Amino acid sequence: MQKTINRWIRSLLPLLMLAATLSGASASFAPKRVLAQDAPPTLEPTAQLFDPGVIPIPPFVPGDVLVGVRGDVVASVSNWGQTGGANEGQVVGQAEATMPDAVLPWSDLGVTAVEPLDLRTGEVSAASGDALAGYKLTVPAGTEWGVIENLLTHTEVVFAEPNWLAQVAVTPSVQAAAEAPFSVADTLYSEQWYLQRIGMGRAWSVALAEADGGLDTIDVTVIDTGVDFNHPDFVNRLGAGKNYLSAIDTPMDDNGHGTHMSGLIAAAANNGGMVGTGWQVRINPLKALGASGVGGVNDIAEAIRDATDDGTHIINMSLTLDNDATVLRMAIDYAVAGGVLVIAAAGNQGHTGNPNVRYPAAYESVLAVGSTTYQDGRAYYSNRGPALDIMAPGGGSGNSILSTWTGDPSASCPSGSRQVNGGLYCLADGTSMATAVVSGVAALVWSLRPELDADEVRDILLESAAPITGSENEVGQGRVDAAAAIRLALPPQLELAQSTVSASSLQNGTPVIVSLPLENSSAEPVTWEIARTSEADWYDVLEPRQGEVSYGAPAAAQVVFTPTNVGAGAHLGQLQVTSTTRDGLKTIYTIDARLDVANQVRNNVHLLPWVGGRPVSYMWAEPAHTGRTSYAFTDDASIVVDLPFTMTVSGRSYTDLRVFTDGFVVASSSAFPANAPTHCLANQTWPAFAVYGWWSELSLSPESNLSTFQPTADSFVIEYVDMVSMGSSDANDRVSFQIVLYRNGAVELNYEQVPE
């Protein structure tokens, strides 16, 4: 993108003005202060929002918003269908043709789908005199509260709320929960609406989890009016800085603007007033602008070079100049060549006759930031043009940006000044604020991926930006999306939910299809391909055998097991999954494939295989001084054995067992049905307590032995040695295992010898 350079104006005195100035007056070089917009007309509230400041917020379905609209408004819209709503699954473009944006601005809200919502109650709405028309809106995850708050500004909207999640009324088990808002205890956090707009909570959550809390500290240089070193939100967040206007003074802020920017980037989550977007940032405050918010390009250029030499990662310049200045341009070239990401404000003249992006944002190498409003649209004052790169919340129309402010008595807050927990805070609007928000998000990305360079961080911000209404000249690549940026910053990696796919079936049974879930925590997709590594015909992979997977778009490979023309027993194979990243990095994963096949020996005996076990070592039990008791037995027989102690299982007590020669035991000994089933499935009726040590019938060999003994005072062992598994085609396959029962109801199974 070629950025226009106004060479003809270089001879003018290059003074810079704060980009937060929103005055409607014509441009001049006179000092200007940050001004907030006039308050909007007071709107009568139509519904009560759930307070987003309450922690925790109950879980809701991500991306869903439920809306009720006055029926008389819907009926009055020309061309509105007879049913009073859009067809199910209708996309926004079609819904707009039925319900114009003049009534409900679906497209302006970022709605991607509209479905009817049945709101019949049997009564007519007392508020409107007509039944409500209901809609379920699909919006990008993370924007739900912004859409809801916007909808509630429309008088025709009776209610707008998330799609709350309900659960059964039982004691919950430990399981995955719906995504909840990130918890910050700072007093003013609930008023920082701009953080919600850009998905900041989700971004922090993912970044901190990925880094296990160990994010790198990123240095951000704020070239501005200085900073308030006494503000409690900056404890351990500030470098010494420098004052370029006075060599004998510190860079103490006597205007407020520099403190405001620093808070948006780096205010600590310390149970104080507010929190900045960057989370783990150290601010280098370089004071090159005076109390009036004006400074010369010579001081600014010197500050840029000093910051570069000091190794800063990011330079935030929430300031503007109407013309190209050689000294400034050369300093920025120096910083960019030194690996610094330079971020600057587009300017606030968008409502005047010269709304072009101002310098230094107009330079090609600088990330130029425009401003959005509470409604997530371009602020009327935000400059535009081909030099514009990205947008971020900057406030306006009565919904300003809250941030830290200086306590210097000579600095006056434009609007909404107040003191909270020992710190001063102020509301202000402008592309200055938007720039600082972007600088903080860039710092968070860099904190997570410190090995990235400035160009890579910039590309992540632009590629992950959320689309908003407007052309590229008006909104650049879109509005910064912190959550999407962090997802894109995560290294792409195929994640396999399991290392084995397995199935169980009777011989000659129907095919069994098993899914292998494939995931990727990063928004950057990886391609995957799966294939079997042998020509065995008892397993295969179904189409599709390849595809892409990224965050929010998982995939699954389908493996089919065919238990025909194979004998009973365990059949082992392998699958190979290959993942490839965008830059060509390949990773190969090996997945075990296992099919356990059991035969059906006779009627009323259903044999199913063992499906898993503990992947831990064990110790083969040996008798204590009490010795071993051996039993004489025959095929398909059972014997009664007294326990040496009372065994308690699920609150019931047992003192004896019935031991079957087919490898299982039941309690109590009196529980003996006419046809004893041999299986591994949970019993619904009989018996109350059983342990199945083997998964097919057993028969005797000359060396077979069945015995019991006590290895400890609290344990009892039933031992099967050299039994022949009838699930094996080879009579030489022998089975030796132990069933270990404990006084407290615990059970262990030890296997010393099993068929191949």
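The values are calculated or read from the model by the stated rules, or taken from the named source; none is laboratory data. Just so it is clear, the structure is predicted and the values come from calculations on it, not from any experiment. FYI the Cβ positions are ideal-geometry reconstructions off the backbone, even for glycines, and counts take in every protein chain you see. Ligands, DNA and RNA are excluded from the accessible area calculation, which covers all protein heavy atoms including side chains. Shrake-Rupley method; radii C 1.70, N 1.55, O 1.52, S 1.80 Å.
Here are the numbers:
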{"quantity": "Hits in the stretch 459-476 - residues which are over 22 Å from the mean Cα position of the chain (by Cα) and not small (Gly, Ala, Ser)", "calculated": "Thr469, Glu472, Asn473, Glu474, Val475"}
{"quantity": "Test: residue in the stretch 302-314 that is open to solvent by 30 Å² or more (accessible area, probe 1.4 Å) and under 29 Å from Asn473 (Cβ atoms)", "calculated": "no"}
{"quantity": "Ser464 being under 28 Å from Thr587 (Cβ atoms) and modelled with pLDDT of 90 or more", "calculated": "yes"}
{"quantity": "Sole exception among (1) within 18 Å of the chain's Cα centre (by Cα); (2) within 24 Å of Gly110 (Cβ to Cβ) for Glu495, by number", "calculated": "(2)"}
{"quantity": "The stretch 230-252: number of residues that are within 22 Å of Asn298 (Cβ to Cβ) and part of a strand (DSSP E or B)", "calculated": "3"}
{"quantity": "Residue match in the stretch 483-503 (condition: open to solvent by 40 Å² or more (accessible area, probe 1.4 Å), in a loop (DSSP other than H, G, I, E, B) and at pLDDT 85 or above)", "calculated": "yes"}
{"quantity": "Residues located in the stretch 640-665, provided they are modelled with pLDDT under 85 and aliphatic (A, V, I, L, M)", "calculated": "Val649"}
{"quantity": "Condition check for Thr708: assigned to a loop (DSSP other than H, G, I, E, B), at negative phi and either open to solvent by less than 20 Å² (accessible area, probe 1.4 Å) or in contact (Cβ under 8 Å) with a residue 40 or more places away in the chain (or both)", "calculated": "no"}
{"quantity": "Counted residues, the stretch 449-482 - those being part of a helix (DSSP H, G or I) and in contact with a strand residue (DSSP E or B) (Cβ under 9 Å, 6 or more places away or on another chain)", "calculated": "9"}
{"quantity": "Pair list, Cβ under 6 Å, 6 or more apart: the stretch 287-311 residue hydrophobic (A, V, I, L, M, F, W, C), other residue modelled with pLDDT under 90 and assigned to a loop (DSSP other than H, G, I, E, B)", "calculated": "Val294/Pro31; Val297/Pro14; Val297/Ala325"}
{"quantity": "Condition check for Asn270: free of Cβ contacts under 8 Å to residues at least 40 places away in the same chain, over 19 Å from Ala436 (Cα atoms) and open to solvent by 10 Å² or more (accessible area, probe 1.4 Å)", "calculated": "no"}
{"quantity": "Residue pairs meeting the criteria (Cβ under 8 Å; at least 6 apart or on separate chains; first at negative phi, in the stretch 639-666; second assigned to a loop (DSSP other than H, G, I, E, B) and among the basic types (Lys, Arg))", "calculated": "Phe645/Arg743; Thr646/Arg743; Met647/Arg743; Thr648/Arg743"}
